[in-house]
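**Student:** If you scroll down you'll find the structure; I have some questions about it.
FYI, it's all coordinate maths here, none of it is from the lab. Predicted model, so just to flag it, every value in this text is computed and none were measured. Here the Cβ positions follow ideal geometry from the backbone for every residue, glycine too, while neighbour counts run over all protein chains shown.
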């Protein structure tokens, strides 16, 4: 009986924690924030840096550019220049004044430490962060 209660308690704790853990690791809320930022900043380009967030095109309803990452996207050998940017192209655009909304893993932020154009965080969770290289309109920042 004690073992059953122990296992039952474990399953209950997991059932209660899972929605919070899943939300914190999912990219859905970041994708929603990216959509909001894109609407508020016409002309801004959404690009993912060193990761491909599979939920982004689904929520945004259009493909996004991917910088310095190929992964499973390279399986067919075709890389349209408008959607797959090499690292140098990403950094050229980041520094150029072109408005970019960049989705990346949180750990990639350290690569922006010494940049003259500091990233401005718009949204994020434990795994992902959405940043901009421009002063995004106020209504893009989550409350």
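**Student:** Evaluate the distance, in nm, between pseudo-label points positioned 7 Å from the Cα of residue 116 and of residue 3 along their respective Cα→Cβ axes.
**Tutor:** Output for this residue pair reads 6.8 nm.
**Student:** As an exercise, use a Förster radius of 30 Å and the Cβ-Cβ distance of residue 109 and residue 26 to find the FRET efficiency, rounded to the nearest 0.05.
**Tutor:** 0.95
**Student:** If you don't mind, there's one more thing I want to ask. Work out how much length residue 55 to residue 92 would gain on full extension: take 0.36 nm times their residue separation and subtract the Cα-Cα distance, in nm to one decimal.
**Tutor:** Working it through step by step, the gained length comes to 10.7 nm.
**Student:** For a test of the definition: using alpha carbon positions, the gyration tensor, and the 1.5 limit on a/c, classify region 76-133 as rounded, prolate or oblate.
**Tutor:** Because a/c hits 1.5 or more and a/b fails to exceed b/c, region 76-133 counts as oblate.
**Student:** Using a 7 Å offset from the Cα along the Cα-to-Cβ direction at both residue 83 and residue 135, what is the distance between the two label points in nm, to one decimal?
**Tutor:** Output for this residue pair reads 3.6 nm.
**Student:** Can you tell me which of 39-51, 102-114, 123-135 comes out highest on packing, and rank the rest after it, using the mean Cβ neighbours within 10 Å?
**Tutor:** 123-135, 39-51, 102-114
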